[in-house]
Every structure is written in C-alpha cells, then in structure tokens.
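Throughout, read-outs are computed from the coordinates displayed, never taken from laboratory work. All values reported here derive from a predicted model rather than from experimental measurement. All Cβ positions, even for glycine, are placed from backbone atoms using ideal geometry, and neighbour counts span all protein chains on display.
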Amino acid sequence: MIRLVKQVNIWTKHLDLLKNDRIRLLFPRIICSIMPMIELYSDEYFMKKAFEQAQIAADAGEVPVGAIMVCNKQIIAKSHNQTELLNDVTAHAEMLAVTSAANYLGTKYLQQCELFVTLEPCPMCAGALKWAQLGRLVYGAEDNKQGFMQYGKELLHPQTKMAYGLLHDDCSLIIKEFFQKKRTLSR
Ligand SMILES: [Zn+2]
C-alpha cells in the first residue's frame with residue numbers, strides 16, 4: 001500500500017513537471033508523446049466534447065445542452081438536446097445518451113459508464129440515470145430552477161459517483177446567451 005502511494009506521488013510530481021513550461025522546452029519530444037495521452041483521458045477533455053455537442057444544439061436552435069457517455073475512457077455516445085427536432089419533450093441530451101449507450105453496449109445497465117453533461121440534469125433525466133445504474137455523473141453548470149439537486153442526490157442510484165463544476169463558466173454562459181437571444185427575438 002505504501003509503495004502504491006509512493007508511486008502515485010511520483011506520478012503526480014511528473015504531471016506537475018509536465019505543466020511547467022521550462023521543462024516542456026527542455027524535453028519537447030518526451031512531452032509531445034506524453035501530453036496527448038494525459039489530455040485524452042481527462043475529465044476536462046470529455047467535458048469539452050460535451051460542450052461541443054451543446055454548441056451543435058445552439059446552432060440548431062435547441063436549448064444548448066450536450067452530453068458524452070464514456071466507457072473505459074472511450075466515448076461511446078454523443079448527444080445534444082433535440083426536443084425541437086424530434087418534437088419530443090423527453091429528447092434531452094442525457095436521455096438520448098443513455099439510449100445510444102445501451103444500444104452500443106447491448107445492455108440496459110451502465111454501471112461502467114460515465115456521463116459528462118454540460119448542465120445539471122433535470123429530475124426526469126436523473127430518474128433515467130438511476131434506472132440505468134450509471135457509474136458516474138459529471139456535470140458543468142448548475143440549474144437552480146430545473147435541476148435535480150433541489151430534490152437531492154438521492155434521485156440518482158446510490159452507487160453513482162458524482163462531480164460538477166467542470167467548464168462551469170462556458171456551460172453556464174451558452175445557456176444564458178441562448179435564452180437572452182430568444183427573448184430579444186420574441187420582442
Ligand atoms: Zn433532462
């Protein structure tokens with residue numbers, strides 16, 4: 001156990017070194033080969049991908065929420081809100097991601113999966129994530145009006161891990177701008 005902790009500490013130190021510009025200049029080749037690997041598997045990388053989906057939604061006139069389902073650090077589903085296109089109030093990004101992931105994996109349970117979504121899920125989506133027994137939920141911006149957290153984390157499955165606040169400002173701003181634009185157009 002102590003050996004493992006030491007190993008983790010060494011790794012952490014390496015990661016800190018890689019972030020140092022001077023070290024990067026000294027060892028460009030090594031850094032080039034290692035940096036993409038670190039970037040690829042980070043929460044931030046996946047949240048950026050979810051944010052790209054939110055941008056696609058905004059361009060299509062949909063409420064800009066994007067989601068990415070990840071299994072074993074691989075993206076297995078990408079989705080964005082499509083309630084307008086499908087004329088379906090249940091076509092939230094999370095619902096579509098759950099269905100796509102289940103189809104891809106051939107199983108209805110998603111204990112091995114992580115969902116990255118730009119906005120705090122609503123209670124309907126939290127319910128779907130509970131039924132799917134999702135492994136981990138990561139969301140960007142909070143939704144104080146429609147978000148599930150006003151009812152508590154209990155809406156999720158007890159085994160679901162949770163994190164939030166990643167790319168918070170971008171995820172929040174895209175929603176605010178969308179509704180501001182909508183209000184301006186309706187005047
Ligand atoms: Zn929802």
Check: Any idea which of (1) within 14 Å of the ligand (Cβ to nearest atom); (2) aromatic (F, W, Y); (3) more than 27 Å from G61 (Cα to Cα) is the one F148 doesn't satisfy?
Finding: (3)
Notebook entry, point to check: If you go through the range 88-123, how many residues are more than 16 Å from the ligand (Cβ to nearest atom) and either without any contact (Cβ under 8 Å) to a residue 40 or more places away in the chain or in a helix (DSSP H, G or I) (or both)?
Noted result: 8
Note to self: Contact list please: Cβ distance under 8 Å, first residue in the range 142-158 and closer than 11 Å to P123 by Cα, second residue loosely packed, with under 10 Cβ neighbours inside 10 Å, pairs at least six apart or on different chains.
What the structure shows: Q150/N144
Margin query: If E44 satisfies all but one of (1) acidic (D, E); (2) in a helix (DSSP H, G or I); (3) over 17 Å from the mean Cα position of the chain (by Cα), what's the number of the condition it fails?
Written below: (3)
Notebook entry, point to check: Which pairs have Cβ atoms under 6 Å, sit 6 or more apart or on different chains, and link a residue in the range 124-138 that is within 17 Å of V70 (Cα to Cα) and touching a residue at least 24 places away in the same chain (Cβ under 8 Å) to one that is part of a loop (DSSP other than H, G, I, E, B) and among the polar types (S, T, N, Q)?
Noted result: Q133/Q111; L134/T160; G135/Q111; G135/Q112; L137/T160
Margin query: I'm trying to understand the selection: among the residues of the range 148-187, which are surrounded by fewer than 18 Cβ atoms within 10 Å (Cβ to Cβ), among the polar types (S, T, N, Q) and within 28 Å of T107 (Cα to Cα)?
Written below: Q159
Next item on the list: Quick one: in the range 129-147, of everything that is crowded, with 19+ Cβ neighbours inside 10 Å and hydrophobic (A, V, I, L, M, F, W, C), which residue is nearest to the chain's Cα centre (by Cα)?
Entry: V138
